[in-house]
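Down below is the structure, laid out as structure tokens.
The values are calculated or read from the model by the stated rules, or taken from the named source; none is laboratory data. If you're wondering where the values come from, they're calculated on a predicted model, not measured in any experiment. Here the Cβ is made from the backbone with ideal geometry for all residues, glycine too, and neighbour counts use every protein chain on show.
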Amino acid sequence: MLKKTLIALALLAALAAAALGYGYKWQQQKMDQSLSLTSEQSLLISKGTWFGSFAQQLADAGLIDNAIWLKIEAKLDPSITQIKAGEYRIEPGMSLRQLLDRVRAGDTINYSFTLIEGMTFRQLLAALADNDVLVHRVQDMSETELLQHLGSEQSAIEGLFLAETYHFERGMTDLQLLERAHADLQDFLNQSWESRAEGLPYASPYEALIMASIIEKETGVPEERGRIAGVFVRRLERGMRLQTDPTVIYGMGERYEGRITRADLRRPTPWNTYVIDGLPPTPIALAGREAIRAALQPEDGKALYFVAKGDGTHQFSDTLKDHNRAVQKYQLQRRADYRSSPGK
């Protein structure tokens, strides 16, 4: 009797082991099986999501047939439960095991937002408002509130962000992005100020930033930035007015409709450098690293004037006589495809 019982128990143990072995093999096959999707999609895991809810989320999305077997797998391998919140990309052919590896590694989707060189703050606000990934906070803030939030001592928000491409994950706010862009600007501007050329006519890094914003609006040709900076620096040193059209346009605000007249050049605004001496009171746009470098490391030379040639570049002149000839050639006899800067 005892022998029969032992044989029966051994048989049951063997059957149980076989069942467990089959079950484990089945579980692993399910883990390596392609998810049920035919096109790329995203999966958003909220903060605080526990693994059971995550398993059910996959089932509700139709990515797996049910959540029970995945919860059982978590009992067998607790390491798969270490999921991280965020938005994840899922491609056709991806297995559940591959998805879990991605989720445990926190390999989330990264988005990008570019602050374009020469963009005004008004244009920046419009671009932020059009972005459907960022969480919007800035639109409810006044300029004064934003300046206070950034901890800026300046009286105007224009130009206080570094023109660059920023990467972020879903859930980031536009305010957080601006905080990063402002901090990057301060870091780069201060570092560049420390290594600036000697004898520059700027009283502070902020004045250098103002100059950089003007350079940014004057040319999109990288090799010209240093030359244009040199012209403006020499004019300041000689007590000459900068007489740069972008400052006139900025001062016109919404009155600007694509062209400026002689009356616009004579009309006083705080930014009109045909009327005021020295630099305007604030930047007129966002500046990038190269324009800031140019403002603080201007090229040597003798040129005091430049005029747009109509192909996106400029003609530089040392004397007013040569400049007037260039104006006659490039401005008064404009080519049919004239443009003041590349791409415009």
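Summed over the range 142-151, the residues that are in contact (Cβ under 8 Å) with a residue 12 or more places away in the chain and exposed (fewer than 15 other Cβ atoms within 10 Å of the Cβ) give a count of 1.
Of the residues making up the range 297-314, those that are surrounded by 19 or more Cβ atoms within 10 Å (Cβ to Cβ) and not in a loop (DSSP other than H, G, I, E, B) are Tyr305, Phe306, Val307, Ala308, His314.
Residue selection: Asp60 fails the criterion of being at pLDDT below 90, charged (D, E, K, R) and outside the structural domain of Arg170 (by TED's automatic domain parsing).
Filter the range 75-86 for residues that are in a helix (DSSP H, G or I) and among the polar types (S, T, N, Q); which is surrounded by the fewest Cβ atoms within 10 Å (Cβ to Cβ)? Filtering first and then ranking leaves Ser79. Pairs linking a residue in the range 87-102 that is farther than 24 Å from His167 by Cα and part of a helix (DSSP H, G or I) to a residue that is modelled with pLDDT under 90 and of a type in the set (Val, Ile, Thr), with Cβ atoms under 8 Å and 6 or more positions apart or on different chains, are Leu96/Ile64. Look at the range 29-44: where a residue is assigned to a helix (DSSP H, G or I) and a partner is of a type in the set (A, V, I, L, M), sitting 6+ places away or on another chain with Cβ atoms under 6 Å, you get Met31/Leu96. Does the range 177-211 hold any residues that are among the hydrophobic types (A, V, I, L, M, F, W, C), more than 15 Å from Phe121 (Cβ to Cβ) and touching a residue at least 12 places away in the same chain (Cβ under 8 Å), and which are they? Matches in the range 177-211: Phe188, Leu189, Trp193, Ala197, Leu200, Ala208, Met211.
With farther than 24 Å from Gly48 by Cα and in contact with a Phe, Trp or Tyr (Cβ under 8 Å, 6 or more places away or on another chain) as the only criterion, which of Leu76, Leu99, Leu115 stands out? Give the steps one after another, and end with the answer.
Working: Leu76 fails: farther than 24 Å from Gly48 by Cα; Leu99 fails: farther than 24 Å from Gly48 by Cα.
Unique residue meeting the criteria: Leu115.
Within the range 104-158, the set of residues being acidic (Asp, Glu) and modelled with pLDDT under 95 comprises Asp107, Asp132, Asp140, Glu153. Going by the structure shown, is Ala212 under 28 Å from Val307 (Cα atoms), out of contact with any strand residue (DSSP E or B) (no Cβ under 6 Å at 6 or more places or on another chain) and at pLDDT 95 or above? No.
All conditions but one from (1) surrounded by 15 or more Cβ atoms within 10 Å (Cβ to Cβ); (2) modelled with pLDDT under 90; (3) in contact with a Ser or Thr (Cβ under 7 Å, 6 or more places away or on another chain) apply to Gly93; the one that does not is (1).
Right, Ser192: crowded, with 16+ Cβ neighbours inside 10 Å and either of a type in the set (A, V, I, L, M) or touching a strand residue (DSSP E or B) at 6+ places or on another chain (Cβ under 7 Å) (or both) or not?
Details: crowded, with 16+ Cβ neighbours inside 10 Å: yes; either of a type in the set (A, V, I, L, M) or touching a strand residue (DSSP E or B) at 6+ places or on another chain (Cβ under 7 Å) (or both): no.
It is false that Ser192 is crowded, with 16+ Cβ neighbours inside 10 Å and either of a type in the set (A, V, I, L, M) or touching a strand residue (DSSP E or B) at 6+ places or on another chain (Cβ under 7 Å) (or both).
Does the range 257-271 include one or more residues that are crowded, with 20+ Cβ neighbours inside 10 Å and at pLDDT 95 or above? Yes; the residues of the range 257-271 include at least one that is crowded, with 20+ Cβ neighbours inside 10 Å and at pLDDT 95 or above. Among the residues in the range 233-245, are any of a type in the set (D, E, K, R), closer than 28 Å to Asp184 by Cβ and at pLDDT 95 or above? The answer is no, given that none of the residues of the range 233-245 is of a type in the set (D, E, K, R), closer than 28 Å to Asp184 by Cβ and at pLDDT 95 or above.
Scanning for something of a type outside the set (Asp, Glu), outside any helix (DSSP H, G or I), surrounded by 17 or more Cβ atoms within 10 Å (Cβ to Cβ) and touching a residue at least 60 places away in the same chain (Cβ under 8 Å), does the range 164-176 turn up at least one residue?
Within the range 164-176, the subset of a type outside the set (Asp, Glu) is 165-168, 170-173, 175-176.
Add one more test, that the residue is outside any helix (DSSP H, G or I), and what stays is 165-168, 170-173.
Now narrow it down to the ones that are surrounded by 17 or more Cβ atoms within 10 Å (Cβ to Cβ): 166, 168, 172.
Of the ones still in play, those that are also touching a residue at least 60 places away in the same chain (Cβ under 8 Å) are none.
Scanning the range 164-176, I find no residue that is of a type outside the set (Asp, Glu), outside any helix (DSSP H, G or I), surrounded by 17 or more Cβ atoms within 10 Å (Cβ to Cβ) and touching a residue at least 60 places away in the same chain (Cβ under 8 Å), so the answer is no.
Restricting attention to the range 144-163, the residues that are under 14 Å from Pro283 (Cβ atoms) and part of a helix (DSSP H, G or I) total 1.
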